[in-house]
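What follows is a short report on a single structure.
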Amino acid sequence: MARFFIAPPLPEAEITLTGENARHARVLRLKPGEEIIVCDGQGSECRCADATRVGEQAVQLAVLARQASAAESAVRVSVYIAFPKADKLEHIIQKATELGAYEIVTFPSARCIARPEEKTLAKKLERWQKIAASAAEQSGRGRIPRVRVLRSYPEAVREAAGAELGLLFYERELSHTLRAALDERPYRSVSLLTGPEGGLEEAGVALAREAGMQICTLGRRILRCETAPLCALSAVLFHAGEF
């Protein structure tokens, strides 16, 4: 079933698709009576039908039912990633969205090889958010994860530590496993913090521990910076009963 995202709130009786959504609907050649899903990008959606072209720039739909998206996890998992180089972040955003991340947050750390320039950051953020939106639509989600940029590693730690379960993954941690952390107590919100290609400094790990985050291992093998957050996200959602 075709899926479209519009800005909230969702109308009660009729929805008019405009702009890119209307063009997409015309490409799909929706027939009158054909059902589609319209989402607000925040977890609510409408089942709609009766597609009617309004001029050349809009498509009008009748709302049949409103509901919470069944594709969203009951556990909110925020993924915090130190800036990676090249286009690795785009890959992480796409796959983390498909897997079910609640939000994706990136930040600079001491060993980051690449950092976006301030003058290009707004354009990059716009692109990253479009990647999240496209992945959410393709994967049948009802929420588009927000992509955010923080200005410092301490700011990322402060935010991540505010989750019910805050986890930082460090290649030199050998004993405290992700499974042990997840089995420790119930949780409804989880933050996952991973480092860049060069890893995290010991002082940064200590800062996270002092803030109340748990320092975990992801196993005996060292994972690439683009692999670690997706591995951790998958494991958390599996533990939460999503898979």
Please give the Cα centre distance for the range 1-45 versus the range 212-230, rounded to the nearest Å. 38 Å
Among 20-26, 129-135, how do they line up from the highest to the lowest mean number of other beta-carbon atoms within 10 Å? 129-135, 20-26
Of the candidate values (i) 49, 45, 30; (ii) 55, 42, 34; (iii) 61, 42, 27, the one computed for Cα extents along the principal axes in Å from this structure is (iii)
Accessible surface of the chain, 1.4 Å probe, proportion on carbon and sulfur as whole %: 49 percent
Placed amide H near residue 166: partners under 5 Å, 5+ positions off or other chain: 191, 214
The chain, dipole about Cα centre (Lys/Arg Cβ +1, Asp/Glu Cβ -1), debye to the nearest 20: 440 debye
Output ordering of 169-180, 81-92, 112-123, 186-197 (per-residue mean of other Cβ within 10 Å, highest first) is 186-197, 81-92, 169-180, 112-123
Quick one: Karplus J couplings for the range 2-7, per residue in order, coefficients 6.51, -1.76, 1.60, θ = phi - 60°, nearest Hz, x for Gly and Pro? 4, 10, 10, 10, 10, 5
Where labels lie 7 Å past Cα in the beta-carbon direction, separation of residue 47 and residue 210 in nm: 5.4 nm
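Taking only C-alpha pairs under 8 Å that are 6+ residues apart, what is the relative contact order of the chain in percent?
About 20 percent, as a whole number.
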How much accessible area does residue 201 have with a 1.4 Å probe, in Å² rounded to the nearest 10? 80 Å²
GNM result for the chain, Cα springs below 10 Å: residue of 27, 38, 149 fluctuating most strongly: 27
When ligands, DNA and RNA are left out and all protein chains stay put, how many square angstrom of accessible area per residue does the range 102-243 have with a 1.4 Å probe? 53 Å²
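Classify the range 107-243 from the C-alpha gyration tensor, please: rounded if a/c falls under 1.5, else prolate or oblate depending on whether a/b exceeds b/c. Spell out each step's value before the answer.
On the way: a/c = 1.72, a/b = 1.15, b/c = 1.49.
It is oblate, given that a/c is not under 1.5 and a/b is not larger than b/c.
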By the gyration tensor of its Cα atoms, with a ≥ b ≥ c the square roots of the eigenvalues, what is the shape of the range 192-243: rounded for a/c under 1.5, prolate for a/b over b/c, or oblate? oblate
Once you order the gyration tensor axes a ≥ b ≥ c over the Cα atoms, which shape class does the range 142-214 get: rounded for a/c under 1.5, otherwise prolate or oblate by comparing a/b with b/c? oblate
Would you calculate, for the chain, the mean residue ellipticity at 222 nm contributed by helices, counting each DSSP H stretch of 4 or more residues as -39,500 (n - 2.57) and dividing by all residues, to the nearest 500? -10000 deg cm²/dmol
What the Cα atoms of the range 1-72 span along the principal axes, largest first and in whole Å, is 32, 21, 20
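The values are calculated or read from the model by the stated rules, or taken from the named source; none is laboratory data. Just so it is clear, the structure is predicted and the values come from calculations on it, not from any experiment. With ideal geometry, Cβ positions are generated from the backbone for all residues, glycine too; neighbour counts draw on all protein chains shown. Calculation scope for accessible area: heavy atoms of the full protein, side chains included, ligands and nucleic acids excluded. Shrake-Rupley method; radii C 1.70, N 1.55, O 1.52, S 1.80 Å.
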